[in-house]
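Right, one structure below, let's go through it.
The values are calculated or read from the model by the stated rules, or taken from the named source; none is laboratory data. Keep in mind it's a predicted model, so treat the numbers as computed, not measured. All Cβ positions, even for glycine, are placed from backbone atoms using ideal geometry, and neighbour counts span all protein chains on display.
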Ligand SMILES: [Zn+2]
């Protein structure tokens, strides 16, 4: 290693945002062969959680992409996929909380401009949201949704307020997810359900393409710093008072459209589609959806 690399390595080590396993393991973080611009991803030697070596400053800068009026609203191209997935989510949630028609209360944490809230409302839920990005929260409010602008802990909802809480594409942004999950537990009614949607760090996609998976890069997905797998999420959930109802994973990706040539991308896309079903059966898909229940005290 050159002296420059050593100096760079020490500088990164001194300012890293995450210095211990976010799941709470008292275990070492060891470097992996998945090399990102901010340094190799590190892995908890106990639960295999993957964490970024990003600095607090670069993390904060990468989160700015969410502070727009559009937030994470689906585009024309992704609208149909959003609608299908939201409908499936609402159906599963309704079954799990045994919602009677009308009136189950749902809170979406990190609701952005309100895409999921709008869908859940159309499926009969009474909805509220929490969103720290000012412009996205304002947009959601302008469509008539009730949204708290800020962080969940500052919203001070009364205990046992909600039948369902959703946390979609949020947990991978958190250096300390325990505090958020404990607050979600507090505001859920007994037997209420928390849904966590995030990437799967133990997926075939990560195994096969490593740093080639765009999800791992803050340049493509601002704020992505902590990558769960079914076991690490189960461990975190249990520590925070939840029981695991079900864990689903789906999708495999073998190439990035921008990086691979058109022909190569086309072939790899077909192979990835063939692998999608077995990946689902084996819990190795890269999109993970986890349903957790607040175990009665
Ligand atoms: Zn761990």
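Structure summary
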item: Odd one out for residue 286 among (1) surrounded by fewer than 16 Cβ atoms within 10 Å (Cβ to Cβ); (2) more than 30 Å from residue 189 (Cβ to Cβ); result: (1)
item: Pick from the stretch 124-169, criterion touching a residue at least 60 places away in the same chain (Cβ under 8 Å) and under 22 Å from residue 92 (Cα atoms), ranking: surrounded by the most Cβ atoms within 10 Å (Cβ to Cβ); result: 166
item: Leading residue by the ranking (modelled with the lowest pLDDT) among those in the stretch 249-277 that are crowded, with 16+ Cβ neighbours inside 10 Å and not in a helix (DSSP H, G or I); result: 260
item: Residue list for the stretch 201-248, restricted to those being more than 15 Å from the ligand (Cβ to nearest atom) and assigned to a helix (DSSP H, G or I); result: 204, 205, 206, 207, 208, 209, 210, 211, 212, 214, 215, 216
item: Which listed residue is touching a residue at least 12 places away in the same chain (Cβ under 8 Å) and touching a helix residue (DSSP H, G or I) at 6+ places or on another chain (Cβ under 9 Å), from 94, 119; result: 119
item: Tally, over the stretch 244-274, of residues that are within 23 Å of the chain's Cα centre (by Cα) and farther than 21 Å from residue 196 by Cβ; result: 6
item: Close pairs from the stretch 36-48: first under 13 Å from residue 224 (Cα atoms), partner within 11 Å of the ligand (Cβ to nearest atom) and in a strand (DSSP E or B), Cβ under 7 Å, at least 6 apart; result: 41/50; 41/51
